[in-house]
Structure formats: structure tokens, C-alpha cells
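Asks: Before we start, here is the structure in question, set down as C-alpha cells.
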Amino acid sequence: ADYGLAGSLSMAQFLANPRQTTSPKDYGSYDSDRITAFFERKFGALEAAAELSHREKISRASYGGGAVSEVHSRTTQFSPRLRHLTEGTVLKNELVAGIDFSEWQIGNVDGSGDAAQTARAAYVRDEVQIAGNTRIALGLRHEVMDKRSTASAYDKAQGVNAWDLQVSHAVVPSLRLFGKAGQSYRLPTADENRGIVLAAGEILKPQTSHDLEFGATWGGADNNATLRWFRHRIKDELFYDPTVGAFGANVNLDPTKRQGVELEAAARLNADFSLKANFQHIAATFTGGPNAGKEMVLVPKNTASGRLNWQSGIQTVNLGVQWADAQRYGSDFSNTCNARMPSYTTVDARYAVRVSAWELALTGSNLGDRHYFSQAFGCASGIYPESGRAVKFTARYDF
């Protein structure tokens, strides 16, 4: 794939012409190859499965028509697992255990920026259903990642844990209450550790989050609604900070919290038409550091979406509308910028028809050709406009 690197715009430039570029000689391209193999076999109540995947990618970029940089990356992952299912008249138990192995290598062809990482993880998850009314699930995961880079002079190991406890109970057949608590994480990649401003030998810390959720689901398979309250307390959030260094850098943020409510609804209008809708309200704030109590950047307070689906025989059509509220610019950690990124609404649609083993589809995004942006890293500047109207045709063959 070949593409131009248009660069960022100021608000005045965006309003004058959001399709313009401030760097007409910058361009990039990439080639990617992926191969995946999957194995599965059952031995009575025991099921064994494994997946092996390998990807190679070459990324090239040129800035100002000068020398071209070329970065090669290679990723290999192997994930075997076992699943045991026990079904009784009252109890149903599903136990899943597995391990994940992965290796990632990345570097420029000139030898600069070479880095590698290997990861080993083990997990187990058990789910119990009681009389079809009560469900209890518990999952645990431990992962260790070894990271090394000659260019950035680091050789470190990072270990993290995750856990998840879920409980739900059907008060009546049409009303189910649920709750969830857990800890999740995200490990910085070798690519993210290339763009840092830490001392030699230091790397980014893992991001961890303590999660809590409560809610209720009402209705059946065709007509239903779910209301949930959620909270995520995040430590060492991995984030791009445009205010650090000359060109910005990847950092670990001070502690943050995301808390809000979400409403989802689905309705079967008739045999051919169905409707789905979603609304979310979220308050994202810093809970520590010099910006404690300030709003988090690049997080809209409210989002909503709706999707109308039609299916008749071999044909399907779906029409979607998405809306995002105003949000703070990516550098406004202190909440001192008087302007906010404006809200936007987009419309998309897809038509597909099945012909034997083929699926032919026509997809359109931003059909209203709206001028908007969701990424901007200055105060009314550093704007990266989103794509205009786009239409594509795809053909898929299932075998």
C-alpha cells in the first residue's frame, strides 16, 4: 500500500481546506504478509486447540524527498489451549487453560533502532452455570515479557498479572443482573519504546487498570436493552504526549479514571428489519500528579450510534450513524485551552449479496463527506483530518 503523509494543520488551514497538505513531498508505503494455521480436536469432554501465526511487514517513509527509511518487523505467535466441558442437570462447568508464546523483532535496514521482545503467558478461566439462572466466571493470567534493544541500550523483563471475576443472575427470565471486577493490563511494544525520552536503559512501564462494572439486561433475543455503570482506574497509562521533547514522545501518564454509564438497545422491527443503538456518557479525569482533577484529553464525554439492518434471502443492507461529542485537544492536560475539538456525525452503509460461496459487498464510509477530525495535538492546531467520503468494493470467497 502507498500513501501520502499529509502532516498536521492549524485550525485556520483546516477551515480553509481540510484536504490540503503542509508536506507534499512526504510519503510512505508498507508491504505485509501473514500466514495462520489452526488445529482443533476433541477427545470426549476435552478439546485441544492451537493457533500458529506469523507476520512480516516492511514499512518505508520519505520526508521532504530525502533518503527513504525502511523498517522491517517480524512477529510470530503460538497459542495452544485445552478446554474441558462438564454438563449436568443443574450444573454446567467450562474450564479453559492455555499458554501464549510470542516473539517480535523490529529494526531499520541500516541497523539503527533494532529491538526485540519475547513474551510468555499462562492463563486459566473457569465458568460455572447453575440451573441456567446464575453464572460465575473467574479468570487469571500471568505474562512475562523480555525486551532488549542495542540502539536504546536496554535489556529488561516485565511481569504483569490480570484477573477477572464475573457474576450474573436472572431474577426473572427477562431480567438479568450482572457485576464484574478485575485487573487488566497493556504492555508497551518495542515500537512504542523507540519513541521515548527516558534515560538510557529505561523503558515504559506496563499500563494497568482496575475495572468495575454493574448493570442489568432486560428482554429477549430480538428485543432487549442493557444498562451498565463502569469505572476504570488506570495507572501508568501509555499515551503519546505532544508536549514532551522536540516532537513529542510516548510516556506513562499520571493516574487517570474513566467512569460512566452506557445504554445499549436492540429491536426486531419485522422479519426483515432490525435496529441497534448505543449511548455512552463518560467522565475521564486525572486522579494524581499536577493535573489531578483535570479532564483527560481526546475523550468525548458523550457518544452515540445507531444501526438499521435489513436482510432478505441472499441480500443484506445496513445503515449506520455515529456521533461524538466535543473533546479536549491532545496537549491540553492542564485544561487551559479555551477551544475544544468540535463534535461530529458520520454516516456509513454496506450492501452485500451472497452468490454461492462468494460474498460481494459495496461499502461506503462518511457518506455525507463531512469535514471533521478526532486527532489533534495542539490547542486548535496539530490537526489530522479524517478521511472524506470513501467507497470500496470487496469480494470474499469462503472455502
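Laboratory data are not the source of any read-out in this text; all were calculated from the coordinates shown. Bear in mind that the values here come from a model prediction, so they are computed numbers and not experimental data. Cβ placement follows ideal geometry from the backbone for every residue including glycine, while neighbour counts extend to all protein chains displayed.
Asks: For segment 301-370, place one equal point scatterer on every Cα, skip the solvent, and apply the Debye formula. What is log10 of I(q)/I(0) at q = 0.19, 0.26, 0.27, 0.29 Å⁻¹?
Replies: Computed log10 I(q)/I(0) values: -0.82, -1.10, -1.13, -1.20.
Asks: Right, here's the next one. Modelling each spin label as a point 7 Å along the Cα-to-Cβ direction, I'd like the LEU138/TYR240 distance in nm, to one decimal.
Replies: In this crude label model, LEU138 to TYR240 measures out at 4.2 nm.
Asks: Given segment 88-397, what count of lysine pairs have C-alpha atoms under 16 Å apart, with each pair 8 or more places apart or on different chains?
Replies: Here the count comes out as 8.
Asks: Give me D for segment 1-154 in µm² s⁻¹, whole number, from Stokes-Einstein with Rh from the Kirkwood sum over alpha-carbon pairs, 10 °C and 1.306 mPa s.
Replies: D, rounded to a whole number, is 79 µm²/s.
Asks: For LYS156 and LYS392, compute 0.36 nm times the residue count separating them, minus their Cα-Cα distance, and round to one decimal in nm.
Replies: Net length gain for the segment: 80.5 nm.
Asks: Explain nothing, just the number: relative contact order of segment 107-204, from Cα pairs under 8 Å at least 6 residues apart, as a whole percent.
Replies: Result for segment 107-204 is 23 percent.
Asks: Right, another one. What is the Cα coordinate range of the chain on the first, second and third principal axes, sorted by size from largest, in whole angstrom?
Replies: 70, 53, 49
Asks: Same structure again: Would you please name the trypsin sites (Lys or Arg not before Pro) within segment 1-59 that are DSSP coil residues with at most 11 other C-beta atoms within 10 Å of their C-beta?
Replies: Sites meeting the loop and neighbour criteria: ARG19.
Asks: Applying 1/(1 + (r/R0)^6) with R0 = 56 Å to the Cβ-Cβ distance of ALA277 and GLU94, what FRET efficiency is obtained, to the nearest 0.05?
Replies: So, using R0 = 56 Å, E works out to roughly 0.95.
Asks: Sticking with this one: Of ILE314, ILE136, ILE196, which has the largest mean-square fluctuation in a 10 Å C-alpha GNM of the chain?
Replies: Among ILE314, ILE136, ILE196, the largest mean-square fluctuation in the Gaussian network model of the chain belongs to ILE314.
Asks: Related question: If I take R0 = 41 Å and measure r between the Cβ atoms of VAL261 and TRP358 in this structure, what FRET efficiency does the formula 1/(1 + (r/R0)^6) give, to the nearest 0.05?
Replies: Calculated value: 0.45.
Asks: Moving on. Considering amide H positions built from the backbone, and no H for Pro or chain starts, which residues 5 or more places from GLU386, or on another chain, come under 5 Å of its amide H?
Replies: TYR372, PHE373, SER374
Asks: Give the peptides 186-193, 257-264 in descending order of average Cβ contacts within 10 Å, highest first.
Replies: 186-193, 257-264
Asks: Based on alpha-carbon centroids, what's the gap between segment 316-341 and segment 55-132 in Å, whole number please?
Replies: Cα centres, segment 316-341 to segment 55-132: 31 Å.
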